[in-house]
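Okay, structure first, notes after.
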C-alpha cells in the first residue's frame with residue numbers, strides 16, 4: 001500500500017467517524033426533546049442532563065487536534081471563570097442577578113453545580129470555533145462570540161426554569177443576566193482567541209446548531 005492509498009483510507013475513516021458522531025449527536029438531542037416533553041420520562045431525563053453535557057463535550061474533544069499547554073490553559077480558565085462567575089452570582093447577585101440552582105444539574109460546590117463550568121467551556125468552544133475563521137480581529141470576534149452566548153442563553157433560560165434547573169428571584173429573568181453573560185462570555189472568548197491552539201473542529205457548527213434547535217423545540221413544546 002502506497003502513501004496516497006494510506007492517506008485516502010485515513011481520510012475516509014475520519015469522514016465516516018465524523019458522520020457517526022454527528023448521527024449520535026442528533027439522536028441524543030431528538031431523544032432528549034421527546035424525554036423532556038414527556039411528564040412520565042422528564043424526571044429521568046432531568047437527571048441525565050449532566051451526562052448529556054459531558055457526552056457533547058467528550059464527542060467534541062475527540063476531534064480536537066491541538067492538545068498543547070495553551071489549550072489546557074484555555075480549558076482551565078474557561079471552566080474556572082465560568083464556574084467562578086456562577087458561584088459569585090449565586091451568593092452576591094453579581095453579575096447575573098439573584099438566582100439559585102436546584103439539584104437537577106448534579107453535584108454542587110458552593111451551591112453551584114460543577115457541571116455549569118463545563119457548560120461555559122462547551123459553549124465558548126463551540127461559538128468561538130464557528131466564528132474563528134470568519135472574523136480576524138480578536139476583539140471584534142470576542143464581542144460577536146459573547147453575543148452568540150447571550151442568544152443561546154435567551155433560548156436556554158425559559159427551558160431551564162420549566163425543567164427546574166434553577167430559579168430566579170420573583171420568577172423574573174433580569175436584564176442584568178444577559179449583560180452578565182455578555183461580560184463573562186467576552187472575557188472567556190478573548191482568552192480563547194489569544195491562546196494559540198488549533199481552533200477548527202468538524203463538529204463545532206453541527207453541535208451548536210443541534211443545541212440551538214434542541215432549546216427552540218423545547219421552548220415551543222414545554
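The values are calculated or read from the model by the stated rules, or taken from the named source; none is laboratory data. Note that the coordinates shown come from a computational prediction; the quantities given were computed from them, not determined experimentally. Reconstructed Cβ throughout: ideal geometry from the backbone, glycine too, with neighbour counts over all protein chains shown.
Output the residue which, of all residues in the range 169-194 that are surrounded by fewer than 17 Cβ atoms within 10 Å (Cβ to Cβ) and not in a helix (DSSP H, G or I), is modelled with the lowest pLDDT. Once the filter is applied, the top-ranked residue is 172. Picking from residues in the range 63-74 that are surrounded by fewer than 16 Cβ atoms within 10 Å (Cβ to Cβ) and assigned to a helix (DSSP H, G or I), the one that is farthest from the chain's Cα centre (by Cα) is 69.
Candidates 170, 153, 111: the one that is in contact with a strand residue (DSSP E or B) (Cβ under 7 Å, 6 or more places away or on another chain), more than 29 Å from residue 15 (Cβ to Cβ) and free of Cβ contacts under 8 Å to residues at least 40 places away in the same chain is 111.
Taken residue by residue, the range 196-206 has no member that is free of Cβ contacts under 8 Å to residues at least 24 places away in the same chain, outside any helix (DSSP H, G or I) and surrounded by fewer than 19 Cβ atoms within 10 Å (Cβ to Cβ).
Residues considered: 135, 151, 147. Of these, the only one that is under 14 Å from residue 211 (Cα atoms) and surrounded by fewer than 19 Cβ atoms within 10 Å (Cβ to Cβ) is 151.
Any residue at all in the range 88-107 that's part of a helix (DSSP H, G or I), touching a helix residue (DSSP H, G or I) at 6+ places or on another chain (Cβ under 9 Å) and farther than 16 Å from residue 160 by Cα? For the range 88-107, residues part of a helix (DSSP H, G or I), touching a helix residue (DSSP H, G or I) at 6+ places or on another chain (Cβ under 9 Å) and farther than 16 Å from residue 160 by Cα: present. For the range 135-163, residues that are touching a helix residue (DSSP H, G or I) at 6+ places or on another chain (Cβ under 7 Å), outside any helix (DSSP H, G or I) and over 23 Å from residue 101 (Cα atoms) total 1.
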